[in-house]
Amino acid sequence: MSQYPALRLRRTRSTAWSRRMHAETVLTPADLIWPLFVSEGADEEPIATLPGVSRCSIPKIVERAREAVSLGIPCIALFPNTPGALRSDDGREAFNPDNLMCRTIRAIKDAVPDLGVLTDVALDPYTSHGHDGLVDAAGYVLNDATAAVLVDQARVQAEAGADIVAPSDMMDGRIGLIREALEQGGHHNVQIMAYSAKYASGFYGPFRDAVGSRGLLKGDKKTYQMDPANAEEALREVGLDLAEGADSVMVKPGLPYLDIILRVKSEFQVPVFAYQVSGEYAMIEAAVAAGAGERDALVIETLMAFKRAGCSGVLTYHAPHAARLLNP
Ligand code: PBG
């Protein structure tokens, strides 16, 4: 039997103060991780498919890092656009201790030591074929040989001062190998955020433009990134990465995979992060440009959805915009 009219759920929604008081989920700038692209080129190069986002020189990135701190954003994520001449079949520039990435990490840690720096571990910004790992003659991405190189890449990043290394490559076994190398190198407090459930997605296009790998990519990444049809497999991936020593796990892309976030959180009770990826950002910006939606509302609503699903935080290109909206 209905309890109406005694019970009216609209009652608590009827004023702004009451809505605020009854909010079940809170979003703050501390929930945001800001991905940034660094290049050797001009101070700022716009990325056509990621309107409002630029590749930046190291000094410009340092400015962004200071901005992050002033906005209350706890951590930035760095991605390099490696000059073409330094890309190779084996991606060896990835573990050059003086590569663009390592120089950027050092510059940020010098200037803004209290800002968290997360680095991507994968070979795609460094390979001439655009894959995240080493390929054999048939173009298959080799697992164990790649994992060994990723260990070297994570090591130089940690030595340069990275706080969180985030393997985004989806090779089997790499979390354990990287953890072991970090321990041996004395980097006990360098965290691993595992891209555990990373799907072979159509939403990565603008990112590949940003790091310059789109035109280079031969084929697709379906032999290592997950099939969007699968959810149980995501739980297995998360379980393995945790067993191998991951401190936190990531689900990627974001909104299309909220069900995965919820299931991971319910099953494991560990810190879960989402990556609201480049194509998701581009969709919001396209909607805004077409007059189909309002940026502020779309940004806050989508970020709130991640928190509601159980995320500890979100990597998002809208981080500075969202932080401005959330700061008093
Ligand atoms: C590659 C990597 C990708 C992203 C982060 N790391 C792209 C890919 O797997 O092809 C995508 C992020 C985004 O689209 O914003 N290791």
Taking residue 205, is it near the ligand (Cβ under 10 Å from one of its atoms) and surrounded by fewer than 22 Cβ atoms within 10 Å (Cβ to Cβ)? yes
Being buried (at least 20 other Cβ atoms within 10 Å of the Cβ), away from the ligand (no atom under 11 Å from the Cβ), on the phi > 0 side of the Ramachandran plot and among the small types (Gly, Ala, Ser) narrows 161, 212, 219, 186 down to just 212
Any hit, region 56-67, residues being closer than 23 Å to residue 276 by Cα and outside any helix (DSSP H, G or I): yes
Say whether the condition of being away from the ligand (no atom under 14 Å from the Cβ) and crowded, with 21+ Cβ neighbours inside 10 Å is met by at least one residue in region 123-133. no
Quick one: is residue 55 more than 30 Å from the chain's Cα centre (by Cα) and of a type in the set (Lys, Arg)? no
Looking at (1) at pLDDT 95 or above; (2) over 14 Å from residue 251 (Cβ atoms); (3) out of contact with any Phe, Trp or Tyr (no Cβ under 9 Å at 6 or more places or on another chain); (4) more than 16 Å from the ligand (Cβ to nearest atom), which is the only condition residue 327 fails? (1)
Filtered residues of region 69-86 (kept if part of a loop (DSSP other than H, G, I, E, B), touching a residue at least 60 places away in the same chain (Cβ under 8 Å) and out of contact with any strand residue (DSSP E or B) (no Cβ under 6 Å at 6 or more places or on another chain)): 72, 82
Selection from region 24-46 of residues that are more than 16 Å from the ligand (Cβ to nearest atom) and over 20 Å from residue 125 (Cα atoms): 24, 25, 26, 27, 28, 29, 30, 31
Out of the residues in region 94-103 that are away from the ligand (no atom under 16 Å from the Cβ) and either under 19 Å from residue 35 (Cα atoms) or hydroxyl-bearing (Ser, Thr, Tyr) (or both), state the one that is surrounded by the fewest Cβ atoms within 10 Å (Cβ to Cβ). 103
Which one is farthest from the ligand (Cβ to nearest atom), of the residues in region 138-158 that are touching a helix residue (DSSP H, G or I) at 6+ places or on another chain (Cβ under 6 Å) and either among the charged types (D, E, K, R) or at pLDDT below 95 (or both)? 155
Inspect region 104-113 for any residue being assigned to a helix (DSSP H, G or I) and of a type in the set (Gly, Ala, Ser) and give the result as yes or no. yes
Going through region 122-145 in order, the residues found to be closer than 17 Å to residue 178 by Cα and touching a Phe, Trp or Tyr at 6+ places or on another chain (Cβ under 9 Å) are 122, 132, 133, 143
Among the residues of region 136-150, what is the count of those that are surrounded by fewer than 21 Cβ atoms within 10 Å (Cβ to Cβ) and either under 17 Å from residue 245 (Cα atoms) or not aromatic (Phe, Trp, Tyr) (or both)? 9
Report the residue count in region 278-312 for those that are of a type in the set (D, E, K, R) and touching a residue at least 40 places away in the same chain (Cβ under 8 Å). 4
Tally time: how many residues in region 243-294 are more than 16 Å from the ligand (Cβ to nearest atom), of a type outside the set (A, V, I, L, M, F, W, C) and within 19 Å of residue 52 (Cβ to Cβ)? 3
Report the residue count in region 114-130 for those that are part of a loop (DSSP other than H, G, I, E, B) and either touching a helix residue (DSSP H, G or I) at 6+ places or on another chain (Cβ under 9 Å) or of a type in the set (Phe, Trp, Tyr) (or both). 9
Residues in region 15-32: is at least one modelled with pLDDT of 95 or more, of a type in the set (A, V, I, L, M) and in contact with a Gly (Cβ under 7 Å, 6 or more places away or on another chain)? yes
Given the conditions (1) assigned to a helix (DSSP H, G or I); (2) farther than 19 Å from residue 163 by Cα, which single one is not true for residue 52? (1)
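The values are calculated or read from the model by the stated rules, or taken from the named source; none is laboratory data. All figures in this text were calculated on a predicted structure; none of them were measured in a lab. Using ideal geometry, Cβ is built from the backbone for each residue, glycine included, and neighbour counts are taken over all protein chains shown.
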